[in-house]
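Here is the structure we will look at.
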Protein chains: 2
Amino acid sequence: MKIAVLGGDGFVGWPTVLHLSDQGHEVHIIDNLSRRWIDTELGVQSLTPMDSIQERCRIWYELTGRRLGFHLIDVAKDYDLLRNWLAEHKPDAVIHFAEQRAAPYSMKSDRHKNYTVNNNTSATHNLLVALTETGIDAHLVHLGTMGVYGYSSVGAAIPEGYLDIEIEDLQGEKKGLEVLYPTKPGSVYHMTKSLDQIMFQFYAQNDGLRITDLHQGIVWGTHTEQTRRHEQLINRFDYDGDYGTVLNRFLIQAAIDYPLTVHGTGGQTRAFIHLQDCVRCIAIALENAPKAGDRVKIFNQMTETHRVIDLANMISKMTGAEIAFVPNPRKEAVENDLIVKNDQFLALGLDPITLADGLLSEVVDVAKKYAHRIDRKRVPATSAWTKDIAARVETDPEGKRLKSVS
Amino acid sequence: MKIAVLGGDGFVGWPTVLHLSDQGHEVHIIDNLSRRWIDTELGVQSLTPMDSIQERCRIWYELTGRRLGFHLIDVAKDYDLLRNWLAEHKPDAVIHFAEQRAAPYSMKSDRHKNYTVNNNTSATHNLLVALTETGIDAHLVHLGTMGVYGYSSVGAAIPEGYLDIEIEDLQGEKKGLEVLYPTKPGSVYHMTKSLDQIMFQFYAQNDGLRITDLHQGIVWGTHTEQTRRHEQLINRFDYDGDYGTVLNRFLIQAAIDYPLTVHGTGGQTRAFIHLQDCVRCIAIALENAPKAGDRVKIFNQMTETHRVIDLANMISKMTGAEIAFVPNPRKEAVENDLIVKNDQFLALGLDPITLADGLLSEVVDVAKKYAHRIDRKRVPATSAWTKDIAARVETDPEGKRLKSVS
């Protein structure tokens, strides 16, 4: 297949590119490199030393003899460039990662909220319109998030995208109806993925676009089979308060003898998936494309759920790190259950890597190996979800008066 | 109250401004005048001769002694201007009409699709962020549309925004859950109103914004009590294929002896409301604001439903006009039932103007009076919903080979 990967320089984008190239596909990266600019804005850098995209592509070619295309296009701003590129290259599939993907970043300020909405909405819509306009019938695979559903839910298992409900018809009789599972996003970032879902539904119905939406859990892990092959192919690893996900931040805290900062009680339950499984899921989704006229195909792309406090305890046991409870900067339920259906990927052959299996190698191969590159100041999460919460967190900031408990 | 009307120069915006000013409120119009630019783009003009917004405001002041503020701000592009204006003026309420509001215009081309999504999404989100950022606690009243629900529904009465469903919890027990009534927008324009709804939900929940969303039917009628007071206060009347709604276009066709062009069978059922009732509903909504922390308050703002063919027959009887069936440029069900709940406005005292009462005066006072200003070329609807439909309509364009039947 010829595959375009929008956002192919990013955290999941890059290992996806390598995985698909390794499978023999012709892969083109389309990226505006905005994630690198955001590193500059925030004054942070990947824990792992990361080369330029051009250099990464060169190394991959030297190792494998496989070419990767790189095209500097801002999908959100350069509609004409995107459309013309698609019309010229006619990819069989387009994988869409080209969105701002950190919830805390999306909540930092009014400017960051607007940027996230404008960037993500325009990127997705430009792509949908360009696919419609060129008529190339490429399968669109989008990275969504489990987070669209919120976590303060009623405690029902989250199905894969759709829900069968009953409504009363005009004669007062019960009738079945399939609807998109209702979303309740918890941040501006998550909200944009909920907006994406509405746009996908429209373009699948109106123009017959073939779309798969992957509702992904929190990704952990750094390496895939391909990124391990050369030091300069290494993936990025974010540990800062905006882009670092909970597990990465615990690993880093453990590596530098900083207490593991648990927000609130740590009773929040989240869904997780290893990076290696992500790229496998994407490859599986590519092989199982919907037909024109089909509804949007939605997969839950996650493999296990854990409470935050249990993750902290697991890492504490492995490393001896202390645990500290700090005020939660997010507006969310203190505790929640979470059960997620992922039957589709399991049926299609996914054999998950579990945290129990893979976590220790992350501690040793990544966190400890690169501990000398950690900037302690960047570890606390400082983006507060509301003005009230900002005022509360301000009086008890992380890293200053940590209430250590273990 | 001090009230800002975003889009106060538009079709419903202007009569709303006059109605509220007449009630004694301090009213400020914020508008980028984009609707006037679109007239220029399309080479069309309002049937009724319409003055500049500055002149309209001057006349109103001369007649009533009441000042209207006018502020040229592009809400979608000038976030900083909007935020600073709100911080300085601290309105008690903001009425948000500042969106591209024609479904056919939104489907004309890739450029029009992108413009509609970028403009409408950014306008709404900029406003939500500016309200959050300034903390002025103004009541936001938004003009939405019944069209978010689509018209090929299962034939259930459309409730006012929310639906109670049952889901199974983790113990397998049925549990009640209130969700937003599922949307199924039929055009890019309608889709943007569905996106708005998600954004409203988020900002009401996360930041306690007080929001009312009015899901409006198709507006008919030209005059309100205030616009009748002076020839230069007259409202706009659109009859072209993009901005003219079905009833306006029938009226104009009748006035110039052009057959009433019914798309498809005319079995499409739509919800309607008179312009005078719109502005009354908005005033009622203002007096019944939600409290901080409340869910978004959603009203269905319509008063009666009709099949398109029945409207054509009604006008045909009044005027002797012929009816012609032409291919439907929209992708929609051939026929549909539609029952809409509007109990909330009725309970709050709305006494609807019916088509049966008001239609004749539209024929005489508006369509016939200004018939000399009609450009026949602009009457057919030419925006097709999909490329397939465009090809079909192309071979049987309206106004060329009309299949007249009466």
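Read the figures in this text as sums done on the coordinates, not as results from a lab. Everything numeric here is computed off the predicted structure, so don't read it as measured data. In this analysis, Cβ positions are derived from the backbone assuming ideal geometry, glycine residues included, and neighbour counts consider all displayed protein chains.
Consider the stretch B:281-307 and keep the residues that are among the hydrophobic types (A, V, I, L, M, F, W, C) and out of contact with any strand residue (DSSP E or B) (no Cβ under 9 Å at 6 or more places or on another chain). The one that is surrounded by the fewest Cβ atoms within 10 Å (Cβ to Cβ) is B:292. Residues in the stretch A:14-34 that are within 16 Å of the chain's Cα centre (by Cα) and surrounded by fewer than 24 Cβ atoms within 10 Å (Cβ to Cβ): A:34 alone. Of the residues A:282, A:234, the single one that is within 30 Å of residue B:184 (Cα to Cα), within 21 Å of the chain's Cα centre (by Cα) and in contact (Cβ under 8 Å) with a residue 60 or more places away in the chain is A:282. Kindly establish whether residue B:113 is crowded, with 24+ Cβ neighbours inside 10 Å and charged (D, E, K, R). Yes; evaluated as a whole, the condition is true for this residue. A single entry from A:132, A:116, A:124 fulfils the requirement of being farther than 15 Å from residue A:200 by Cβ, touching a residue at least 12 places away in the same chain (Cβ under 8 Å), more than 7 Å from every other protein chain (Cβ to nearest Cβ) and among the polar types (S, T, N, Q): A:116. Going by what's in this entry, would residue B:99 be described as among the charged types (D, E, K, R), more than 10 Å from every other protein chain (Cβ to nearest Cβ) and farther than 18 Å from residue A:128 by Cβ? Criteria met by residue B:99.
Could you look through the stretch A:171-201, keep only residues that are part of a helix (DSSP H, G or I) and more than 8 Å from every other protein chain (Cβ to nearest Cβ), and pick out the one that is surrounded by the fewest Cβ atoms within 10 Å (Cβ to Cβ)? For the stretch A:171-201, the residue satisfying everything is A:190. Note on the stretch B:241-273: residues that are not in a helix (DSSP H, G or I) and not polar (S, T, N, Q) total 18.
Taken as a whole, the stretch B:155-164 holds no residue that is within 17 Å of the chain's Cα centre (by Cα) and outside any loop (DSSP other than H, G, I, E, B).
Okay, residues lined up against (1) more than 13 Å from residue B:26 (Cα to Cα); (2) in contact (Cβ under 8 Å) with a residue 40 or more places away in the chain; (3) surrounded by 14 or more Cβ atoms within 10 Å (Cβ to Cβ):
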position	(1), (2), (3)
B:50	yes, yes, yes
B:62	yes, no, no
B:75	yes, yes, yes
B:82	yes, yes, yes
B:87	yes, yes, no
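Would you check if there is a residue in the stretch B:157-170 being in contact (Cβ under 8 Å) with a residue 12 or more places away in the chain, in contact with a Pro (Cβ under 9 Å, 6 or more places away or on another chain), more than 9 Å from every other protein chain (Cβ to nearest Cβ) and of a type in the set (Gly, Ala, Ser)? So far as the stretch B:157-170 goes, no, none of its residues is in contact (Cβ under 8 Å) with a residue 12 or more places away in the chain, in contact with a Pro (Cβ under 9 Å, 6 or more places away or on another chain), more than 9 Å from every other protein chain (Cβ to nearest Cβ) and of a type in the set (Gly, Ala, Ser).
In the set (1) among the small types (Gly, Ala, Ser); (2) crowded, with 21+ Cβ neighbours inside 10 Å; (3) out of contact with any Pro (no Cβ under 8 Å at 6 or more places or on another chain), the condition left unmet by residue A:321 is number (3). Count of the stretch B:244-278 residues, restricted to those that are closer than 20 Å to residue B:353 by Cβ, β-branched (Val, Ile, Thr) and surrounded by fewer than 23 Cβ atoms within 10 Å (Cβ to Cβ), is 3. Of the helices (runs of 4 or more DSSP H) entirely within the stretch B:297-399, none holds at least 1 residues that are of a type in the set (Phe, Trp, Tyr) and at positive phi. What are the pairs, 6+ residues apart or on separate chains, where a residue within the stretch B:378-391 that is crowded, with 19+ Cβ neighbours inside 10 Å has its Cβ under 6 Å from a residue that is not in a loop (DSSP other than H, G, I, E, B)? Partner pairs satisfying both residue conditions: B:381/B:104; B:383/B:104; B:384/B:390; B:384/B:393. For residue A:243, state whether it is more than 12 Å from chain B (Cβ to nearest Cβ), touching a Lys or Arg at 6+ places or on another chain (Cβ under 6 Å) and either more than 22 Å from residue A:105 (Cβ to Cβ) or of a type in the set (Phe, Trp, Tyr) (or both). No, not satisfied.
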